[in-house]
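Each reported figure results from applying straightforward, stated rules to the coordinates on display, with no laboratory input. What you see is a predicted model, and the numbers here were worked out from it, not measured in a lab. Please note: Cβ atoms are built from the backbone with ideal geometry, for glycine as well, and neighbour counts cover all protein chains shown.
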Amino acid sequence: MKQVFLEIKENTALTKDVFKMTLVGDVGEIKKPGQFVNLKISGVFLRRPISVCDRDENSITLVYKVVGKGTKMMSSLREGKTLDVLTGLGNGYDCEKSGDKPLLIGGGVGIPPLYLLAKELLNQGKNVSVILGFNTAGEIFLKDEFENLGCLVTVTTVDGSKGVKGFVTGAIEGGYTHFYTCGPEPMLKAVYGKTVTSGQFSFEERMGCGFGACMGCSCKTLTGYKRICKDGPVLFKEEILWEK
């Protein structure tokens, strides 16, 4: 973990509620897809944890949804503003487990960290398939970006207004060697029950500190409770025990 001050280069809307923010500065602590940053927003007590969607040597891109006061304030921040950021948080995805045909499954704002993961896997010569789940066609984002990378993309919408009607689990077929997923917990539980190989789950949780001190975010595993912010957010399928 490292505290840095990053400058906003871009903060634009992708949909009515989803925004893309690019931050410039010392981003060297982001080493793996699936890691996240914790942003300090003036006037809000707790920092806001946001997964990293993309990175280069000098910048990171965050894609976030306006769901409350903090993210609403984030959406109004303009280019040139400097943010206090805790960076390099979380363990990230393990790309070495992917096999030749990894499957990436994302729902809503669980989709952004899969973009950087897809880039990493494609750079390794893998054949990457992606399932993106939304409620309706008006909520779709990053579809074109995944396709431009070279991924085979399937879109699902709950109302059937675009792509496959229903949930992401309805689009899961055989042939993949390993899966990676991120999204709301009900979706993760459904993916857990539908998948037949080993895989990695990235959990979305509200966090207090964001670096393991408060035990405010935890998941039950075979070896006890693990802190999503410190021991996660990525956990392997084989270690997860779902609470009833």
Subject >> Cβ-Cβ FRET estimate between LEU46 and ARG78, R0 fixed at 25 Å, reported to 0.05 >> reply: 0.65
Original post:
Which of the residue pairs LYS143/LYS165; LYS126/LYS162; LYS143/LYS189 have a Cα-Cα distance greater than 18 Å in the structure shown?
Top reply: LYS126/LYS162; LYS143/LYS189
Subject >> Residue order, fewest to most surrounding Cβ atoms within 10 angstrom, among SER59, SER42, SER202 >> reply: SER42, SER59, SER202
**OP:** Report, to the nearest 10°, how far helix 112-123 tilts away from the longest principal axis of the Cα atoms in the chain, using its own Cα long axis and a range of 0 to 90°.
**Re:** 70 degrees
Original post:
With charges set only on the Cβ (+1 for Lys and Arg, -1 for Asp and Glu), what does the dipole of the chain come to about its Cα centre, in debye to the nearest 20?
Top reply: 640 debye
**OP:** Loop only per DSSP, at most 16 neighbouring Cβ atoms within 10 Å: give me the GluC sites (Glu not before Pro) in the stretch 75-150, ordered by residue number.
**Re:** GLU79
Original post:
Which of the aspartates and glutamates could a cross-linker bridge to LYS32, judged by Cα under 16 Å and excluding same-chain residues fewer than eight apart?
Top reply: ASP54, ASP56, GLU57, ASP94, GLU96, GLU120, ASP231
Original post:
SER59 to ASN135: extension gain in nm, 0.36 nm per residue of separation minus the Cα-Cα distance?
Top reply: 24.3 nm
Subject >> Within straight-line cross-link reach of LYS72, lysines at Cα separation under 21 Å, skipping those fewer than 8 residues along the same chain >> reply: LYS9, LYS16, LYS20, LYS40, LYS81
